[in-house]
Amino acid sequence: MTAIKKLISLTTILILGIGASFAQVGSATVMVGELPAEIEETSGLIFHNGKLWTHNDSEGEPVLYSIDTTNGQILERKTIAGVTNIDWEDLAKDATYIYIGNVGAMNSNPQIIRIKIEDLDNPELTTIEPRIINFTYGNPDYPEPDFSVTNTRFDCEAFIAKDDTLFLFSKNWIDHQTYLYAIPNKANYFHTITPIDTLQLDYLVCAADYDYRTNTVALLGYTYDVSGILPESRPYITLLRNFEGNNFFSGTVETTELSASSLTDVIRYNQTEGIAFRDSSRLWITNEKYTRSILTLKAKLRELQIENPVTVNDDEMPSFPEEPAAIVPDFTADVTEIIEGEQVHFTDLSTQDPTAWSWSFEGGTPATSNEQNPTIRYNTPGTYNVSLTVSNDNCEISKTINGMIIVHGTVSADFNADITAICEGQTVTFHSEAVNANSIQWQFFGGSPEFSTELNPVVTYNNEGRYSVKLTAYNEVDSDRITKEDYIKVVGLVIANFTSENTHADRGEIVSFTDLSENAFYWSWEFEGAIPETSTEQNPQVTYYNAGTYPVKLTVYSEDSICSDFKRTNNYIVITKSDENLMEDIEVFPNPATSILNINIPDGKDYKIEIIGADGKQVYMSQTGNGNGNIDVSNLVSGNYIASINVDGKVYKINFIKL
């Protein structure tokens, strides 16, 4: 058997087995027609002045549609200005107003949109200005920590208007126990609601309407079963009658499962979400479009008969005069950007003569106030919201300005540099340490560039001297300035240079050097092969004892050693043997020596020997000897030494090393 045939068979069972079980409501609905695609998410429903009105479910256009009660086609449209269809679920009416319930579980800020009936009836109006009734749930378990749109007690998709009150019936997904809430029909108030009664219906209530003449409340909904091949909805209707006052659950409660009147019509799998009294004996019912797998059921308009209605009220439904114009909350402040610790004076600008004020100042001291024009201190930097709720006998309404007050920290200017003493032509990197500033201005006296707005600028100083640096730091409301006098010291560029009058000399001859450096305060000479090997004199003298070619290096420093430069000249000094030096066979050995230094003089000539340290000072003087001899050098400190040997009045100097 096909799926469609199964559905038809099930529908037939419903018609035969359930339709005769209840005396007051006929279970079989009569299909009037399919609804167009534009309203396939039909949810709320009212019948007014011979016209049937509906709207789409969540995220549809904020539009009311009038539909033809003979075929379901759209006759006219009315746009509701300034609102969004977050989760529109139901419509209600009294003698004065039409109410739109933006109250479904998808809307975390539920509200009821109220429009005047005369505006809906006006054929010249295509857009209607509403007023808003805001509310929230005051139950201790709201909001639920494990909330989802199909796992909540706080989904209200059905409500009615009776007397001066709106009554909401919850769609309780958890235990199907319907909560009843009451809200005054006053617009521009914020209400906190809690249940006033409960009723166990065992289905999800999705729509409601009230008939004044018979004092009857009609509830519509369905069960939802996902255990089968296709999710299945069973539609139900409940009539509440014979109650006293507004105790709707205290009278007769009659529940009937609905069926279709034709084998070609299927109602069981539909979400029935719209219900409205056509008159005291007939109801209009609509369902949303249903699409699952191979099955598509279009949105439809149906009619349902109520048997034996009993008239209770012969008079006209009471009407309510329009309240005075709503308060338009507004306020200003004498300043909106301040420094921490300063005060802000707020001024109420609300219209329509409010009589009470309730302020909330995020980050302020005090945090709340009931004064009309309070003064508040802000001690902590940040961006803060301000809220005002104003009220009088006719209205209570709030306004919040997000980020109205900006509190800046007190600006403190400071900086440092990677170096404060440099040579001419060198650079300095500066680092801002300004606190609570969003812009800065540098001035570098004597520097290039002279001005900068960078956070860490690099500045070049080309001239010798001492220079000040100034930093100014700003935010929108505060500034600070710091100047560090003579902060940067610039030393003249040091250039190393030297000369010598005798770059060609004999062994043992003194060589003099002359400093030609610029801006030098300190000198460091290096004389390879000479005695001494180093010097810190400006114009030193050294002696070379071995023939050869030698380099010379001079490093010079500025005052405080800020700048330096060096010059090295290779092969600068040339040392040759003297023509008078005939005794070339003088020997000093071993070299290096550890304890005994042997001397061998040719031809057994007399000699006198002394030993000179690297610093040029005498460390040993011998007696006169001849021919071969030796000296005990074991007590000498390790280092370079010169053996100065006088033979026949001529001095011969030989380098040796003591280990």
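The values are calculated or read from the model by the stated rules, or taken from the named source; none is laboratory data. If you're wondering where the values come from, they're calculated on a predicted model, not measured in any experiment. Cβ: placed from backbone, ideal geometry, glycine included. Neighbour counts: every protein chain shown. Surface areas here come from the heavy atoms of the whole protein model, side chains and all, with no ligands, DNA or RNA. Shrake-Rupley method; radii C 1.70, N 1.55, O 1.52, S 1.80 Å.
Observations, loosely collected:
- Per residue accessible area in Å² of the stretch 273-372, where ligands, DNA and RNA are left out and the probe is 1.4 Å: 51
- Disulfide-incompatible cysteines by the Cβ rule (no partner under 4.7 Å) in the chain: Cys156, Cys206, Cys395
- Residues whose placed amide H lies under 5 Å from that of Ser259, excluding near-sequence neighbours: Ala28, Thr29
- The charge dipole of the chain, taken about its Cα centre with unit charges on the Cβ of Lys, Arg, Asp and Glu (plus for the first two, minus for the last two), comes to roughly 1540 debye.
- Cα-Cα over 31 Å, subset of Lys489/Lys567; Lys567/Lys617; Lys162/Lys298; Lys567/Lys608: Lys162/Lys298; Lys567/Lys608
- Cα gyration tensor category, rounded, prolate or oblate, for the stretch 67-190 with a/c compared to 1.5: prolate
- The stretch 474-624, relative contact order in percent, only Cα pairs under 8 angstrom and at least six apart counted: 19
- Whole-Hz ³J(HN,Hα) from phi, Karplus 6.51 cos²θ - 1.76 cosθ + 1.60, for the stretch 273-279, glycine and proline x: 10, x, 9, 8, 6, 6, 7
- Relative to one another, the C-alpha centroids of the stretch 495-572 and the stretch 364-436 are positioned 65 Å apart.
- Per residue, the chain reaches -1000 deg cm²/dmol at 222 nm when only DSSP H runs of four or more residues are counted, each adding -39500 (n - 2.57).
- Degrees separating the helix 3-17 axis from the principal Cα axis of the chain, which is the longest one: 40
- Modelled this way, with points 7 Å down the Cα-to-C-beta line, the labels at Lys608 and Asn379 are 9.5 nm from one another.
- Each part gets one Cα centre, and for the stretch 113-129 versus the stretch 282-335 those centres are 14 Å apart.
- Here the accessible area is traced with a 1.4 Å probe on the protein chains. For the stretch 279-372, carbon and sulfur cover 48 percent of it.
- Label-point separation in nm, Asn416 to Asp225, each point 7 Å along Cα→Cβ: 7.8
- Rg [Å, one decimal], Dmax [Å, integer] - the chain, C-alpha atoms: 53.1, 163
- Whole-Hz Karplus values for the stretch 241-254 come out as 9, 6, 9, 10, x, 10, 8, 4, 8, 8, x, 7, 10, 10 Hz, taken residue by residue from phi with 6.51 cos²θ - 1.76 cosθ + 1.60 and θ = phi - 60°; glycine and proline positions read x.
- Under 5 Å between amide hydrogens, built in the peptide plane, is the criterion, and for Phe331 it picks out Leu349 among residues at least 5 positions away or on other chains.
- Across the stretch 524-534, rounded Karplus estimates of 3J(HN,Hα) from the backbone phi angles (6.51 cos²θ - 1.76 cosθ + 1.60, θ = phi - 60°) give 9, 9, 10, 10, 5, x, 10, 10, x, 7, 9 Hz, Gly and Pro being marked x.
- Per residue solvent-accessible surface (Å²) - the stretch 73-203, probe of 1.4 Å: 39
- The chain - share of DSSP beta bridges that are antiparallel (%, nearest 5): 90
- Cβ-Cβ distance of Thr453 and Thr400, R₀ of 35 Å, FRET efficiency by 1/(1 + (r/R0)^6): the value works out to about 0.45.
- Surface share of carbon and sulfur [accessible, 1.4 angstrom probe, percent] for the stretch 139-238: 51
- Within the accessible surface of the stretch 384-433, defined with a 1.4 Å probe on protein heavy atoms only, the carbon and sulfur portion equals 40 percent.
- Nonlocal amide H pairs with Val32, under 5 Å, H built at 1.01 Å: Leu301, Arg302, Glu303
- For the stretch 109-254, the Stokes-Einstein estimate of translational diffusion at 25 °C and a viscosity of 0.890 mPa s comes to 146 µm²/s, using the Kirkwood hydrodynamic radius over alpha-carbon pairs.
- Remark: the stretch 552-659 carries 56 Å² of accessible area per residue (probe radius 1.4 Å; ligands, DNA and RNA excluded).
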